[in-house]
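Below: the structure, in structure tokens.
What follows is calculated from the coordinates using simple rules that are stated; it is not laboratory data. In this text the structure is predicted, and so the values were computed from the model without any measurement. Virtual Cβ from ideal backbone geometry, glycine too; neighbours counted across all protein chains shown.
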Amino acid sequence: MAVKLHGGIDILVSNAAVNPFFGSLMDVTEEVWDKTLDINVKAPALMTKAVVPEMEKRGGGSVVIVSSIAAFSPSPGFSPYNVSKTALLGLNNTLAIELAPRNIRVNCLHLDLSRLASAGCSGWTRKKRKA
């Protein structure tokens, strides 16, 4: 649709994520793992794969993967989410190497959830993170 409306694709911002579980890693079900990894890791990989041919037609482009500070500083209770955000770092680094010869930049943003307004809705606060 973007190609039809705008004549091509220059940038992909991959910002979808879920965290359907809070608790111990030992209590995570396979269904939670599947949902978390499918949306948080597999979807950005497949979206990138889908847009690369269109970016190449335009001489290059940019992929921005939105991750989380959880990739570097995991928080207790967010086990599958933490793992998925760490996986995005690996995805980013791999894509950056593979796509550089195609003139496609790949960068990863590691946002700090405790600074986002929506974080208050989940009970996540700086105080709890430091505890």
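Exposure proxy check: MET47, MET55, MET26 ranked by fewest other beta carbons within 10 Å?
Working: MET47 16, MET55 23, MET26 6.
Ranked by crowding around the Cβ, least crowded first: MET26, MET47, MET55.
Using the beta-carbon distance between MET26 and SER73 and R0 = 25 Å, what value does 1/(1 + (r/R0)^6) give for FRET efficiency, to the nearest 0.05? That pair, MET26 with SER73, gives E of 0.75. Taking each residue as 0.36 nm, the span from LEU5 to LYS57 lengthens on full extension beyond its C-alpha to C-alpha distance by 17.1 nm. With a threshold of 24 Å on the Cα-Cα distance, the over-threshold entries among LYS35/LYS85; LYS4/LYS85; LYS4/LYS49 are LYS4/LYS85.
With θ taken as phi - 60° and the Karplus curve 6.51 cos²θ - 1.76 cosθ + 1.60 applied, the whole-hertz 3J(HN,Hα) list for region 71-84 is 5, 10, 9, x, 9, x, x, 10, 3, x, 4, 4, 4, 5 Hz, x standing for glycine and proline.
Rounded to the nearest 500, the helix-only mean residue ellipticity at 222 nm of the chain stands at -12500 deg cm²/dmol, with each DSSP H run of n ≥ 4 adding -39,500 (n - 2.57).
For PHE78, the residues whose modelled amide H falls within less than 5 Å of its own, excluding neighbours fewer than 5 places apart on the same chain, are GLY23. For region 2-130, the spread of Cα coordinates along the three principal axes comes to 47, 30, 28 Å, biggest extent given first.
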